[in-house]
Each structure stands twice: as structure tokens, then as C-alpha cells.
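Student: Can you read through this structure? Questions will come right after.
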Amino acid sequence: MDKSSLKYPVQVDLENCAKEPIHFIGKSQAHGVLVVCDRTNLNITQAGENASEYFGIPVDELLGKPLSYLLKMPFLAPDFDEDNLPQEVEVNRKKFLVLAHISEESLVLDFEPLAQVQDPFFFQKQLTGILNKFQTARSLEELSSEAAKLTRKMFGYDRVMIYRFDEEWNGEVIAETKNDDLESWLGLRYPATDIPEQSRKMFLKHRVRIIANVHYTPVPLKPEISPVTGKPLDISRSSLRAVSPIHIEYLKNMGVGASLSAAIVVKGKLWGLIACHHQAEKHLDFYQRESCRFLAQMLSTEITLHETSSLLSHSEQTESIRRQLVAQMKYHDNIVEALSRDTVQFLELLNCSGGAIFYINEWELNGQTPGKEQLDSLLNNFIKKQSKSLFWTRNLSALFPEAEEYKKTASGLFSLKISDNKYILWFKPEVVQVVTWGGNPQNKVFYNEKEQRLSPRKSFEKWSEKLTGFSEPWHELDRNTARALRENISHVLLTRQRREIEALNEKLIEANRELELFSYGLSHDLRAPVRGMEGFLKILREDFSNPLGSEGLKYLEMSTGLTQKMNDLIDDILEYSRLGHIERVEKHEVDTTAMLKEIFELFNLSANFPSARIEIQEELPPMWGNRRMLFQLWSNLLNNALKYSSEKEAPVIEVGKTLINGRSTFYVKDNGIGVDPALREKIFETFQRGVGSKFKGTGIGLAIVKRIVEKHEGEIWVESEPGEGSVFYFYLEPQK
Ligand code: ADP
């Protein structure tokens with residue numbers, strides 16, 4: 001958000017004006033009579049003290065009487081919370097227009113004298129003219145000026161202005177028509193407090209407000225407090241509602257005798273006003289006010305159209321620039337180059353005079369920008385401290401005093417954070433403005449001793465001042481554009497990272513494959529020399545045992561053991577590599593129980609593991625796979641179970657099947673040494689051993705098992721309690 005609201009020189013709050021309870025002002029203007037009834041029985045509870053002037057009946061006579069006492073004719077009271085249609089009535093042979101509405105428990109009636117009956121088509125004809133004029137206006141200026149002219153022509157005020165609010169609710173006269181003898185106020189600005197917030201809110205609800213005579217004497221309601229609720233009556237919706245004394249004084253000081261204001265509302269927000277001033281008193285009846293409301297509404301619609309179409313064309317332009325930038329990013333390896341050194345540059349995305357990209361500790365500067373050192377400080381001491389990733393201001397030096405040094409190039413800053421070490425900044429130069437105020441806004445209020453309240457400024461003489469340190473404002477679309485660019489950049493960066501990772505992965509797979517081929521070749525080539533060594537060791541043992549003696553024979557035995565181990569290693573490596581090359585496993589049904597028996601027979605349990613007890617679950621389901629591989633799988637698991645529980649007094653090995661996550665899962669359970677939790681994953685990798693030389697082994701057995709399980713589209717894992725034993729679980733893809 002732009003934290004630097006435009007600091008016009010005065011921020012004196014017209015406290016008492018802003019807080020004035022204008023809803024409950026309790027008095028009416030004098031050009032009509034307020035009559036209030038209890039909504040339940042239509043008895044008159046309150047009335048304006050000017051009743052006798054208009055009706056010829058004193059207030060006191062009216063109070064407590066039924067409404068029919070006043071209106072000797074049928075009257076349609078509204079029974080819901082909406083304004084009623086106006087009704088023409090007669091009281092003592094005088095014609096009135098009555099506007100009725102409900103306020104809490106009361107029915108509020110505005111009686112306005114009806115001078116002459118209007119030609120119902122008169123305004124309709126004028127409105128057709130308005131539509132035509134509005135639709136042919138080519139610009140906002142033309143449109144505003146037409147609206148001012150038409151309003152003046154229709155209602156005959158001395159001066160009609162189109163008044164537009166800026167972001168801080170200061171107003172500017174952007175179009176004007178007037179009597180020749182009046183001084184022009186075109187281009188003048190008025191501080192936000194001239195039309196305080198609660199008045200602006202009222203304008204959103206009640207679009208047209210008329211002050212028929214600023215010199216009127218407010219008419220009190222009698223009694224002041226509503227007898228129905230015991231509280232002051234809310235008459236904010238009454239068109240006769242009295243005007244705040246401060247506002248009346250303000251108008252008097254301006255030399256205005258009567259006024260009419262109609263709200264211009266664009267996209268639900270008060271955009272401006274059609275403000276009409278008359279030197280003498282002037283009243284518009286309900287029908288005229290309705291025409292004015294309609295005119296303001298058409299003007300609002302036309303302005304909305306103008307703004308929307310200019311937004312659209314602006315967004316089309318930036319969209320095409322952004323698309324081009326995206327194309328450039330795809331083409332270039334270097335993002336900074338893509339954004340700043342190709343046909344289209346990031347600068348063009350926002351209306352600015354310079355920009356900078358901070359990309360991993362390097363600055364890339366384009367156009368007019370502060371220097372790199374100044375930017376370092378701006379980034380570290382200011383931008384990085386902002387909580388949001390988007391930040392913009394048109395008055396940087398007000399927020400970051402150091403920026404005073406370079407306000408000529410960068411009074412306006414828009415910053416976009418891509419990541420912690422990537423930022424894009426855009427700059428706008430200072431544009432010194434001369435603002436002409438309608439009266440010195442610093443003299444806006446003074447304390448009025450007589451009235452015991454603040455009074456608005458007395459002089460509205462033009463008062464000019466120079467505003468420095470400001471740039472042109474940033475466009476409302478800039479935020480969306482910047483956000484979209486950030487997404488584009490992040491996307492490009494992520495895609496690149498993903499590609500880099502993929503390429504690395506491929507390299508890794510390739511390296512692994514080469515390593516495997518190498519070890520396969522190596523193991524293969526080692527086989528013959530090891531066999532040779534085995535042969536020679538055998539000859540030594542058989543034919544040369546005498547000269548070797550017992551010591552020599554011991555070394556000979558050790559050498560034979562080592563060649564045996566080497567053979568095992570070579571076999572395992574070759575087996576592991578061989579499995580890696582199998583693309584598809586041809587599967588057959590394999591009888592699990594039969595296979596287990598065969599394996600245990602081979603192990604020669606009674607000789608090798610005499611104390612071990614084997615428990616095989618009955619009726620194990622068959623497996624589906626390659627017989628040789630499954631044989632190897634079970635052999636390795638069972639061999640480990642026997643081996644790593646062999647030191648127990650009573651080793652027990654259980655083999656069975658269980659259901660895990662709906663899958664039929666085999667398990668091999670032992671009560672051996674268990675697996676260290678830190679190694680639970682590792683032991684399935686090649687050459688990973690969790691034990692010392694106490695237990696023989698190559699460290700490849702489980703890697704082979706895992707490969708076999710994976711070739712059968714299954715999974716294997718271990719659960720274990722060190723010292724208590726382990727359970728190896730695995731499942732294979734069932735027959736399809
Ligand atoms: P090896 O048994 O030849 O060392 P394996 O690949 O078969 O190689 O097993 C790897 C490691 O896993 C072993 O060194 C051992 O630490 C651990 N291990 C395997 N099975 C068991 C088991 N049943 N109980 C305890 N530890 C085991």
C-alpha cells in the first residue's frame with residue numbers, strides 16, 4: 001500500500017464538523033414542513049414549528065391528532081423501509097408534494113409546497129438530449145464539461161462545477177460553467193475536510209442534496225424528542241433535513257446563497273460531485289431533483305465506461321509487453337539479460353523513467369536511477385523492511401529521508417520482491433506541482449468565540465503552493481502487472497531448476513550404470529585368477545603339507561578361507577549386477593511352503609544351526625514370480641535370520657504371512673541381535689553392513705533381496721528392536 005498519503009499542507013481536522021451528529025440534527029429547512037406520525041396508528045407525534053405558516057394550522061393543534069385531521073384524503077403510508085412514491089395532496093386548498101418514509105417507529109412526512117404542475121414530458125425530453133450528448137463525448141474532460149453545461153441549462157444555477165475527489169479525498173474542480181460576472185474556480189483544489197467523511201457517506205445513500213436558502217432559519221421539530229421512542233428522531237433520509245451550521249457558514253463565506261449537490265458514484269465509490277451554487281435562494285422540487293439524480297447517474301455510468309475502457313486498453317498494452325518478456329526469458333539463459341537487454345525491457349511494463357534489477361547481489365540498472373550504493377542502502381534499510389512483497393509510493397523521501405538526495409530521479413518507487421535475493425524496482429522522477437487551493441487551506445478553521453465552535457475559513461481567495469518530492473502516481477493496474485511478472489519469473493526459474501535437477505539425475509544414473517558395468521566386468525575377470533589361486537592352494541595342501549609344517553598349514557587354511565570369501569563376493573556382485581539387467585520378470589506360480597522346505601534342507605539345519613527352532617505358518621499362499629529369484633530372496637532372508645540369531649541360546653525363526661494395508665505380506669522373524677534404527681534403510685544398500693567381522697557376510701545379500709522384490713513390483717522393509725530381534729516384511733505384486 002502507498003504508505004505516503006499525499007501530504008497536503010494542512011491536516012487540521014475539523015473535529016467538531018466531522019463528528020457533528022447530522023443524522024439527528026432535529027431541525028428542518030424552511031422550504032417545507034416536517035410531520036411525524038407514530039407508524040402503528042398514524043397519530044401525529046411531532047411537527048415542524050412552521051406548520052401554521054404552510055397549513056394555517058398551529059403545531060400544537062396537530063400534535064396527537066390522526067393524520068387524517070391534516071389530510072382529508074386517502075393517504076398511502078409506506079409499511080416497509082423504502083421511500084414511498086411522492087403523493088400530491090391538498091391541505092387547506094394548498095397543493096403539496098408529500099414524501100414519506102419510515103424512521104424506526106415513526107412515519108416521517110416531508111411536505112413541500114407544489115408551485116405548478118410540471119409537464120411530465122418536459123424532463124424526459126431533456127434527458128434524451130443528455131444521453132445523446134454524453135454518448136458523443138470523447139474524453140472525460142469533454143464529458144464533465146457537457147455535464148456541467150447541461151445541469152446549468154436544466155436547473156439554472158449561477159455556477160455548476162464538476163468536482164472530483166483524489167485518493168486522499170481532496171477535491172478538484174475539473175469542469176465549470178458560470179455566470180460571466182463570477183470568478184472562475186476551475187482547477188482549484190479544496191482540502192478533504194471541506195466535505196467531511198460522514199457527509200461523503202450520506203452522499204452514497206442520498207444522492208442529491210439541496211440547500212434552498214443558506215440564510216434560512218432552521219425550523220425546530222416540536223417536541224424535539226420523539227414521544228414514540230423517547231430519543232431524538234433520525235431524519236437523515238428527509239429531504240428537508242436541516243444543514244450543519246458549519247457547512248452553512250462555509251457556503252456563506254463563499255458567497256453562496258443556495259446549493260445543490262449530486263453524487264457521482266463510480267464502482268460503488270464516491271468519485272465526485274455535481275456541485276451547483278446560486279447567489280440568491282433557489283429551490284428545486286422533487287421532480288427536478290429526480291431529474292438531477294438521473295443526470296448524475298448517467299454521468300456516473302459514462303465515467304465508469306470511460307475508466308473501464310481506458311483500463312482495458314492500458315492492460316492490453318502491458319499484457320503484450322509482459323508476454324514478450326516471458327518469451328525473452330524462455331530464449332535467454334540469463335534472466336537479467338532477458339528482462340533488460342532485449343527488444344522489450346522490464347521498464348516498459350510500468351510507466352516510469354528508470355528501473356533496477358537486484359539479482360543475487362548484482363545490480364542491473366536501466367534508465368534514470370539512483371547509484372548502486374544508494375540502491376544498496378535503499379534495499380537493505382528500507383525495502384527489505386517492508387512486510388509485503390509489493391511496495392509503492394510517490395513520495396519516497398517522506399518515508400525514507402535518505403531518498404531526498406535522489407528525489408529528482410526517484411520520488412516514486414515501486415518495488416517487487418521475487419525472492420530474498422531477487423528484487424525489481426521501478427522509479428518515477430519528481431514532478432514539482434503547483435497546487436492552487438480555494439483559499440489558504442492552512443487558515444481553514446478558526447475558533448468562533450461567539451458560536452463556541454470552530455468556523456470554516458473566511459477567505460476563499462486563490463492560494464498557490466509548490467509541492468515537491470512527489471512523482472506522478474502509480475497506476476492501479478501496476479500491482480497486478482507486477483504480480484503477474486513475479487509469477488512468470490518464478491515459473492521460469494523453477495522450470496530451469498527442475499531441468500537442472502533432471503539433468504543431474506540422468507548423469508547420476510549413467511554414472512551408476514557405468515559403475516555397475518565396471519564392477520560386473522571386474523568381478524567377472526577376477527573369477528579366473530581366484531579359481532587359479534584356489535587350485536594352487538589345494539595342491540599346496542595336498543602335496544606340500546609336510547614342508548609347510550603346522551604353522552604354515554594354518555596360514556594356508558586362512559588363505560583358503562579368504563579365497564572362499566572372495567568367491568562369495570564375486571558371486572554376489574555378479575548376481576546383483578545380473579538382476580539389474582533384467583527388464584521383465586517372467587512369472588510363474590511358486591509353492592511357497594515347498595520352496596521353504598527345500599531351502600532349509602539345503603541349509604542342513606541340524607548340522608549348521610542345531611539349536612535353532614523353525615516355525616513355518618501352515619497353508620502359506622503361493623507366490624507369483626521367477627522361481628530362481630524367489631529362491632534367492634528367501635535364502636538370503638532366512639540365512640540372515642539364522643546367522644544373526646545364532647548367538648542366542650534358543651534361536652527361533654518364524655516364517656508366515658499377514659495382512660498389511662490390505663496386502664498379503666510375508667515375514668521372516670527372528671529373535672537375534674536386531675538392527676540399529678539408524679541403519680534400517682541403509683542395510684538394503686550394497687556393501688552396507690551393520691555388524692563387525694564377527695558375522696561373515698558380503699553386505700550385498702539384502703541389496704539383492706531388495707532388487708528381486710522390486711523386480712516383482714513389491715516392497716520390503718524391516719521392523720526391529722535392537723537386541724530383541726527383527727522382522728523382515730515383503731510383499732510381491734499378486735497375480736493379475
Ligand atoms: P550381510 O549379512 O552379508 O552383512 P546383508 O545385505 O544380508 O549383508 O545384510 C546387511 C546388514 O543388515 C547386515 O550386515 C546386518 O547388519 C543387517 N542384518 C540383515 N539381516 C539381519 C537380521 N536378521 N538381524 C539383524 N541384522 C540383520
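Student: Which of the residues spanning the range 712-735 are closer than 21 Å to P622 by Cα, more than 8 Å from the ligand (Cβ to nearest atom) and touching an Asp or Glu at 6+ places or on another chain (Cβ under 9 Å)?
Tutor: If the condition is that a residue be closer than 21 Å to P622 by Cα, more than 8 Å from the ligand (Cβ to nearest atom) and touching an Asp or Glu at 6+ places or on another chain (Cβ under 9 Å), then H712, E713, G714, I716, W717, V727, Y729, F730, Y731, L732, E733, Q735 are the ones that fit.
Student: Can you go through S559, S577 and tell me which one is of a type in the set (S, T, Y) and modelled with pLDDT under 90?
Tutor: Working: S559 fails: modelled with pLDDT under 90.
None of the other options fit; the residue is S577.
Student: Any residue in the range 518-542 that's closer than 18 Å to D571 by Cβ: show its pairings with residues that are among the aliphatic types (A, V, I, L, M) and open to solvent by 70 Å² or more (accessible area, probe 1.4 Å) at Cβ separation under 8 Å, as long as the two are six or more apart or on different chains.
Tutor: Qualifying pairs under 8 Å: L526/M566; V530/M566.
Student: Just give me the residues in the range 718-736 being open to solvent by 70 Å² or more (accessible area, probe 1.4 Å) and part of a strand (DSSP E or B), in sequence order. Show your work before the answer.
Tutor: So in the range 718-736, the residues open to solvent by 70 Å² or more (accessible area, probe 1.4 Å) come out as 719, 721, 724, 734-736.
Residues satisfying the conditions are E719, E721.
Student: May I ask you to list the residues in the range 659-704 that are in contact (Cβ under 8 Å) with a residue 60 or more places away in the chain and more than 7 Å from the ligand (Cβ to nearest atom)? Step through it out loud before you land on a result.
Tutor: So in the range 659-704, the residues in contact (Cβ under 8 Å) with a residue 60 or more places away in the chain come out as 660, 663-668, 686, 696, 698, 700-704.
Residues satisfying the conditions are I660, R663, S664, T665, F666, Y667, V668, T686, K696, I704.
Student: Follow-up. I'm trying to understand the selection: among the residues of the range 212-238, which are under 21 Å from I102 (Cα atoms), open to solvent by 30 Å² or more (accessible area, probe 1.4 Å), in a loop (DSSP other than H, G, I, E, B) and out of contact with any helix residue (DSSP H, G or I) (no Cβ under 6 Å at 6 or more places or on another chain)? Before you say what the answer is, go through the steps one by one.
Tutor: If we filter the range 212-238 for residues that are under 21 Å from I102 (Cα atoms), which is where we start, we get 219-238.
So of that shortlist, the ones also open to solvent by 30 Å² or more (accessible area, probe 1.4 Å) come out as 220, 222-225, 227-232, 234, 237.
Okay, now just the ones that are also in a loop (DSSP other than H, G, I, E, B), so 223-224, 227-231, 234, 237.
If the condition is that a residue be under 21 Å from I102 (Cα atoms), open to solvent by 30 Å² or more (accessible area, probe 1.4 Å), in a loop (DSSP other than H, G, I, E, B) and out of contact with any helix residue (DSSP H, G or I) (no Cβ under 6 Å at 6 or more places or on another chain), then P223, E224, P227, V228, T229, G230, K231, R237 are the ones that fit.
Student: Specify which of the listed residues (L251, L325, L284) is open to solvent by less than 20 Å² (accessible area, probe 1.4 Å) and either among the basic types (K, R) or at pLDDT 90 or above (or both). Can you show your working first?
Tutor: Numbers: L251 fails: either among the basic types (K, R) or at pLDDT 90 or above (or both); L284 fails: either among the basic types (K, R) or at pLDDT 90 or above (or both).
Answer to the check: L325.
Student: Looking at (1) surrounded by 15 or more Cβ atoms within 10 Å (Cβ to Cβ); (2) part of a helix (DSSP H, G or I); (3) at pLDDT 95 or above, which one does K384 not meet, given that it meets all the others?
Tutor: With respect to (1) surrounded by 15 or more Cβ atoms within 10 Å (Cβ to Cβ); (2) part of a helix (DSSP H, G or I); (3) at pLDDT 95 or above, K384 is out only on (1).
Student: Still on this model: If I filter the range 455-476 for residues that are at pLDDT 85 or above, surrounded by 15 or more Cβ atoms within 10 Å (Cβ to Cβ) and hydrophobic (A, V, I, L, M, F, W, C), do I get at least one hit?
Tutor: Checked against the condition, which is being at pLDDT 85 or above, surrounded by 15 or more Cβ atoms within 10 Å (Cβ to Cβ) and hydrophobic (A, V, I, L, M, F, W, C), the range 455-476 yields at least one hit.
For (1) touching a residue at least 12 places away in the same chain (Cβ under 8 Å); (2) in a loop (DSSP other than H, G, I, E, B), each residue gets a yes or a no:
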site: K95; (1), (2): yes, no
site: D110; (1), (2): yes, no
site: K125; (1), (2): no, no
site: N132; (1), (2): no, no
site: E141; (1), (2): yes, no
site: A147; (1), (2): yes, no
site: L150; (1), (2): yes, no
site: Y157; (1), (2): yes, yes
site: I162; (1), (2): yes, no
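Student: If I filter the range 191-211 down to residues being in contact with a Gly (Cβ under 9 Å, 6 or more places away or on another chain) and assigned to a loop (DSSP other than H, G, I, E, B), which single residue comes out as most open to solvent (accessible area, probe 1.4 Å)?
Tutor: Only one residue tops the list, namely I195.
Student: Of these, A650, A641, which one is in contact (Cβ under 8 Å) with a residue 24 or more places away in the chain, over 60 Å from the mean Cα position of the chain (by Cα) and either in a loop (DSSP other than H, G, I, E, B) or within 16 Å of the ligand (Cβ to nearest atom) (or both)?
Tutor: Exactly one residue qualifies, and that residue is A650.
Student: Is it fair to say L602 is within 28 Å of S519 (Cβ to Cβ), open to solvent by 60 Å² or more (accessible area, probe 1.4 Å) and either modelled with pLDDT of 95 or more or more than 16 Å from the ligand (Cβ to nearest atom) (or both)? Break it down into steps so the answer makes sense when it comes.
Tutor: On the way: within 28 Å of S519 (Cβ to Cβ): yes; open to solvent by 60 Å² or more (accessible area, probe 1.4 Å): yes; either modelled with pLDDT of 95 or more or more than 16 Å from the ligand (Cβ to nearest atom) (or both): yes.
When the stated conditions are applied, L602 passes them.
Student: Looking at the range 334-367 only, could you name the residues that are of a type in the set (V, I, T) and either buried (at least 17 other Cβ atoms within 10 Å of the Cβ) or modelled with pLDDT of 95 or more (or both)? Even if it seems obvious, please write down each step before you answer.
Tutor: From the range 334-367, those of a type in the set (V, I, T) are 335-336, 343-344, 357, 360; that's our starting set.
Passing the criteria: I335, V336, V344, I357.
Student: Could you please give the count of residues in the range 164-190 that are among the polar types (S, T, N, Q), assigned to a loop (DSSP other than H, G, I, E, B) and within 27 Å of L127 (Cβ to Cβ)? Spell out the reasoning first.
Tutor: Just the residues of the range 164-190 that are among the polar types (S, T, N, Q), to begin with: 170, 177, 179, 184.
Adding the requirement that they be assigned to a loop (DSSP other than H, G, I, E, B) leaves 170, 179, 184.
Next, from what is left, pick out any that are within 27 Å of L127 (Cβ to Cβ): 179.
Matching residues across the range 164-190 total 1.
Student: Additional query: Take V256 and tell me if it is among the β-branched types (V, I, T) and farther than 19 Å from N179 by Cα.
Tutor: Details: among the β-branched types (V, I, T): yes; farther than 19 Å from N179 by Cα: no.
When the stated conditions are applied, V256 does not pass them.
The values are calculated or read from the model by the stated rules, or taken from the named source; none is laboratory data. Everything numeric here is computed off the predicted structure, so don't read it as measured data. Glycine also receives a Cβ, built like all others from the backbone with ideal geometry; neighbour counts cover every protein chain displayed. Only protein heavy atoms, including side chains, enter the accessible area calculation; ligands, DNA and RNA are left aside. Shrake-Rupley method; radii C 1.70, N 1.55, O 1.52, S 1.80 Å.
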